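In what follows, a single structure is set out as structure tokens and then discussed.
Read the figures in this text as sums done on the coordinates, not as results from a lab. It should be emphasised that the depicted structure is a prediction, and the values quoted were computed from it without experimental measurement. Virtual Cβ from ideal backbone geometry, glycine too; neighbours counted across all protein chains shown.
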Amino acid sequence: MSRIIITTDSTADIPEEIAAKYNIRISPLHVLYDNEDFTDGVDITPEYIIERYNEKKQLPSTSAVTPEGYRLFFKRILREGYTEIVHIAFCSDMSSTYQNAVIAAQEFDEKIHIVDSRCLSAGMMLLAIRACELRDMGFKGERIAGIIKDLTEKNVGGFLLSQLEFLHKGGRCSSVSLLGANLLNIKPSIVVKDGAMSVAKKYRGKDEMCRLKYMKERLGEFEGQIDTRRIVLHTTCDISDKERKMYKKELKKLLKCDEVIVSTAGCVITSHCGPGTFALFFMLK
């Protein structure tokens, strides 16, 4: 058994079965409502965030893991007998998690290697899984971290939003944009590249039609370049299992790949993007 372990932040939105399969440990961020401090994925759920918004029109703020939180997280793992940790951190341009992890790692005599994922959500998941595969091939921690750092440039991610209300409430969307999107039934697609999010294209119509078109166009944009070993179909919790199975079936028609992981957005992504969010994440060759 390898004495190297891969860890990441809760913003990676890794399903429990995937985390268990690869032995990936998760460091949870914090979700804050006024004086209430919840731990992402531990004592709060995405369903609760959506329900609370529907009832009270209240959204939480989110906060990074502190250096002390990381120190304790890493210390517990090393006490189990692991000799090295490779931590895939939430994008440094979006959060202080990466810098806080770097600060905490300095206490452990080069046993911990921190990688800035330059992405979020299932993009982090793909990097973490790849790191586990490298570990199982016998690579050492420093080498794994170096390879994963290079792979961040080949990580492709993006979201199709059903509405802009959560972004507006969180101060990331103007009232004018919100009004225009609502009146015209516009669904913006957001791309994640080089540590930043930006609007790529706007779709118009019913959610299902827009999602199918988004999948086709997104995959077509990278035709022949996609690493077909693994792709992630990622949605918020309000999209039903029946719908996900349908989207997965259509995805397999569009792209022949070895594995399709269907995952659900956690509390942090849900609180920023809102219900009805649909996403694809994959790596390039």
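Of Phe38, Phe159, how do they rank once you tally other Cβ atoms within 10 Å and put the fewest first?
Ordered by Cβ neighbours within 10 Å, fewest first: Phe38, Phe159.
If you take the alpha carbon radius of gyration of the stretch 2-89 and divide it by 2.2 N^0.38 Å, what ratio comes out, to two decimals? Please report the intermediate quantities before stating the final value.
Details: Rg = 15.0 Å, N = 88, 2.2 N^0.38 = 12.1 Å.
Compactness ratio reported: 1.25.
For the stretch 60-113, run through the GluC sites (Glu not before Pro) and keep only the ones in DSSP coil with at most 11 other Cβ atoms within 10 Å of their Cβ. Please list the in-between numbers first.
On the way: sites: Glu68, Glu80, Glu84, Glu107, Glu110; in loops: Glu80, Glu110.
Answer in residue order: Glu80, Glu110.
Take the chain, compute every pairwise Cα distance, and split them into 10 Å bins from 0; I just need the percent in each bin.
Calculated over all Cα pairs of the chain, the distribution is 6, 29, 36, 22, 7, 1 percent.
Where nothing but the Cβ of Lys and Arg (+1) and of Asp and Glu (-1) is charged, how large is the charge dipole of the chain around its Cα centre, in debye to the nearest 20? Don't jump to the answer; show the numbers that get you there.
Working: 41 positive and 39 negative charges, 219 e Å.
Once rounded to the nearest 20, the dipole reads 1060 debye.
Using θ = phi - 60° and the Karplus relation 6.51 cos²θ - 1.76 cosθ + 1.60, list the HN-Hα couplings for the stretch 236-242 in order, rounded to whole Hz, with x at every Gly or Pro.
7, 5, 6, 7, 6, 4, 4
Where does the Debye-calculated log10 I(q)/I(0) of the stretch 189-269 sit at q = 0.12, 0.22 Å⁻¹, using only Cα point scatterers of equal weight, no solvent?
-0.38, -1.36
Place a +1 charge on the Cβ of each Lys and Arg in the stretch 4-152 and a -1 charge on the Cβ of each Asp and Glu, then give the dipole magnitude about the Cα centre in debye, rounded to the nearest 20. Don't jump to the answer; show the numbers that get you there.
Details: 16 positive and 24 negative charges, 83 e Å.
With Lys and Arg at +1 and Asp and Glu at -1, about 400 debye.
Helix-derived [θ] at 222 nm for the chain: sum -39500 (n - 2.57) over DSSP H runs of at least 4, divide by residue count, nearest 500?
Numbers: 11 runs with 117 residues, N = 285.
The helix-only estimate for the chain comes to -12500 deg cm²/dmol at 222 nm.
Can you find, among Met125, Phe278, Cys237, the residue sitting farthest towards the positive end of the charge dipole of the chain, where Lys and Arg contribute +1 and Asp and Glu -1 at Cβ?
Going by the charge dipole, the pick is Phe278.
Among Gln163, Leu219, Gln99, which residue has its Cα furthest toward the positive end of the charge dipole of the chain, with +1 on Lys/Arg Cβ and -1 on Asp/Glu Cβ?
Most positive-ward Cα: Leu219.
With respect to the cross-link table entries Lys21/Lys154; Lys216/Lys249; Lys111/Lys140, which display a Cα-Cα separation exceeding 20 Å?
Working: Lys21/Lys154 24 Å; Lys216/Lys249 13 Å; Lys111/Lys140 11 Å.
Distance filter (> 20 Å) returns Lys21/Lys154.
Tell me, what is a quarter of the convex hull surface for the C-alpha atoms of the stretch 1-151, in nm² with one decimal? Don't skip to the answer; put the middle values down first.
Details: hull surface 36.3 nm².
That works out to 9.1 nm², a quarter of the Cα hull's surface.
Let me make sure I get this right: for the stretch 45-114, a, b and c are the square roots of the gyration tensor eigenvalues over alpha carbons, sorted descending. Under 1.5 in a/c it's rounded, otherwise prolate if a/b > b/c, else oblate. Which is it? Please report the intermediate quantities before stating the final value.
On the way: a/c = 3.43, a/b = 2.32, b/c = 1.48.
Here the stretch 45-114 falls in the prolate category.
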